[in-house]
Structure formats: C-alpha cells, structure tokens
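Have a look at the structure below, then the notes.
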Amino acid sequence: MEQRISLITLGVSDLARAKAFYEHLGWRGQEVEETVFFQAGGLAVVLWGRDKLAGDAGIADPSTDGSGGMALAQNVRSREEVDEVITTATKAGATVTKPARETFYGGYAGYFADPDGHVWEIAWNPGFTLADDGTLTVPDFSATG
C-alpha cells in the first residue's frame, strides 16, 4: 500500500447544511449524486450522508458524533491566520472545542467541530514549512537530534 491518502469522506447528517458550512469557510466543491467533492491540495474531502457511508463501509452508524476518534488538521502560515480561520468557522456554525493558544511545540493552535461533530485543528507550527501551494512536508525529525 502506498503511503498516501486520496480522499477523506466525512459522514454528514444534512448534506445541504454541511455543504453550506464548508462553502462559508471559502471552500468550493461540486455536488454529484448527493455527494459533495472538494479539492483540498493533492487530495479530496468528500461530504456524504452518514447512513450511506456506514452502509457502503458495511458498518453500523453508532452515533451522530462525527469525531470518530480522529481530528482533521490544517496548518496555516501564522498565529493570526489560526484566529481568522477559527473565527470564520464559528460564524459558519462551528463550535470551538478548544480556543487557540500556545502549544507545547512552540506553535499556536485551536480546535473546532463542524455542525456534524467532525473535529478540526487549525495550527501554526514553526517547525513545519508550508509550500506556496499549502503543501506540508514532514520535517526529518532525526536530523534535529
């Protein structure tokens, strides 16, 4: 298996509400057959009905909490941008789960949950360089001692 992710599919309870939320954040997607596709750098984020996703995966949908023991993350270029993204998300209907603050690694980050409970971390990390196109490259941690 190659070490990459092609799509991240978020199970949502109300597709129109979820699409409107992400569009309010500035994302632009395409809706096809009750599924919304957003290009997100080199991968796609997909919104699809929770029940359809669970059925397709062959699992029961145990709850309406979208966190599923994981968080999505977006690294940004400054502390100020962390605050801007979290403010925009809040205005779009997100719930701040952890206000932005200094981190143990010398950065600045906060968390919000989208209307379906999917948790997002918005972080500025001075140790992770972002390319002009937003691509993040994991640093060589062995080189830092």
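Taken together, the values in this text are just the output of simple stated rules run on the coordinates, not laboratory data. This structure is a prediction, so every number in the text was calculated from the model and none was measured. Neighbour counts are summed over all protein chains in view; Cβ atoms, including those assigned to glycine, are modelled from backbone coordinates with ideal geometry.
Taking the average, over residues, of other Cβ atoms within 10 Å as the packing measure, peptides 123-132, 76-85, 51-60 rank 76-85, 123-132, 51-60 from highest down. Consider a paramagnetic label point 7 Å from the Cα of D14 along Cα→Cβ; state which residues of the range 116-134 have an amide N under 13 Å from it. In the range 116-134, the label zone of D14 (backbone N under 13 Å from the point 7 Å along Cα→Cβ) covers 116-117.
May I ask you to work out the translational diffusion coefficient for the chain at 4 °C, viscosity 1.567 mPa s, via Stokes-Einstein with Rh from the Kirkwood sum over Cα pairs, reported in whole µm²/s?
Here the translational diffusion coefficient equals 79 µm²/s.
Mind checking the angle between helix 79-92 and the chain's longest principal axis? C-alpha axes, 0 to 90 degrees, to the nearest 10. The helix 79-92 is inclined about 20 degrees to the chain. Comparing H24, F104, I59 along the charge dipole axis of the chain, the residue lying farthest to the positive side is F104, per the Cβ-charge model.
Taking 0.36 nm per residue of separation and subtracting the current Cα-Cα distance, fully stretching the chain between A131 and T90 would add 12.1 nm. Size check on the range 68-145: the Cα extents along the three principal axes, sorted descending, read 41, 27, 24 Å. Taking the longest Cα principal axis of the chain as reference, the axis of helix 15-24 is set at about 30 degrees.
When peptides 21-33, 102-114 are ranked by their average number of other Cβ atoms within 10 Å per residue, the highest-first order is 102-114, 21-33. Note on the chain: with charges restricted to the Cβ of Lys and Arg (+1) and Asp and Glu (-1), its dipole about the Cα centre is near 240 debye.
The stretch between V138 and A44, if pulled fully straight at 0.36 nm per residue, gains 31.9 nm over its current Cα-Cα span.
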